[in-house]
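Heads up: the structure comes next, in structure tokens.
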Amino acid sequence: MILGMGTDLCPPSRWRHMVDRFGADKSARRILHPDEADYLLSGNRERLPERLAGRWALREAFGKALGTGLDGWSWKELRYVNGRLWAVGALADLLAARNISHLHGSVSHDGDLALAVVILEG
């Protein structure tokens with residue numbers, strides 16, 4: 001059964017500005033699990049702002065699906081690699097307490113927009 005659904009749009013230009021101002025490493029590690037940050041940082045650096053925008057949109061969409069927004073859970077405990085979305089740590093415990101057993105997420109990019117969709121299933 002679907003327990004929550006969320007969507008979000010994020011412009012890569014916002015992340016391009018962050019990367020230019022604070023650097024790629026600091027920008028990625030601010031919002032991502034260390035392994036996910038390493039994964040993005042090892043790829044094409046020219047596409048990093050686009051990929052960060054997608055990851056941020058995914059976190060916003062997840063918060064909407066959960067019904068809490070960005071409050072009450074750690075952004076770094078939501079993982080997304082190669083199209084697979086999952087939670088670790090206290091976030092995984094929170095989802096289990098809410099009987100959420102499966103996370104589905106998708107990210108797409110077009111022009112100066114990244115789109116994310118998250119579905120929570122129990």
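Coordinate-derived values only; no laboratory data. Note that the coordinates shown come from a computational prediction; the quantities given were computed from them, not determined experimentally. Note that we place each Cβ from the backbone using ideal geometry, even for glycine, and neighbour counts take in every protein chain shown.
Report the gain in length on full extension from THR7 to ASN82: 0.36 nm times residue separation, minus Cα-Cα distance, nm rounded to one decimal. All intermediate terms of the calculation are to be shown ahead of the outcome.
Details: separation 75, 0.36 × 75 = 27.00 nm, distance 1.88 nm.
Computed gain between THR7 and ASN82 is 25.1 nm.
With unit charges on the beta carbon (Lys/Arg positive, Asp/Glu negative), name the residue among ILE31, GLY111, LEU78 whose Cα is farthest towards the positive pole of the charge dipole of the chain.
ILE31
Only four residue types carry charge here, +1 at the Cβ of Lys and Arg and -1 at the Cβ of Asp and Glu. Report the dipole size of region 73-122 about the Cα centre in Debye, rounded to the nearest 20.
Numbers: 4 positive and 5 negative charges, 36 e Å.
Once rounded to the nearest 20, the dipole reads 180 debye.
Using helices alone, I'd like the mean residue ellipticity at 222 nm for the chain: each DSSP H run of four-plus residues gives -39500 (n - 2.57), total over residue count, nearest 500.
On the way: 5 runs with 55 residues, N = 122.
Calculated from helices alone, the mean residue ellipticity at 222 nm is -13500 deg cm²/dmol.
Just how far, in whole angstrom, is region 42-112 from region 1-30 if you go by their alpha carbon centroids?
So the separation of the two Cα centres works out to 10 Å.
Please give me the summed charge of the neighbours of HIS104: other residues whose Cβ is under 12 Å from its Cβ, Lys and Arg +1, Asp and Glu -1.
On the way: positive: ARG84; negative: GLU121.
Once positives and negatives cancel, what remains is 0.
Evaluate the charge dipole of the chain about its Cα centre and quote only its size in Debye, nearest 20, assuming +1 on the Cβ of each Lys and Arg and -1 on the Cβ of each Asp and Glu.
Working: 16 positive and 15 negative charges, 43 e Å.
Taking the Cα centre of the chain as origin, the dipole is about 200 debye.
How would you order 102-109, 69-76 from highest to lowest mean count of nearby Cβ atoms within 10 Å?
Details: 102-109: 17.4, 69-76: 14.6.
Listed from highest to lowest mean packing, they are 102-109, 69-76.
As I understand it, the value is the acute angle between the Cα axis of helix 48-66 and the longest principal axis of the Cα atoms of the chain; what does it come to in degrees, rounded to 10?
So the inclination is approximately 20 degrees.
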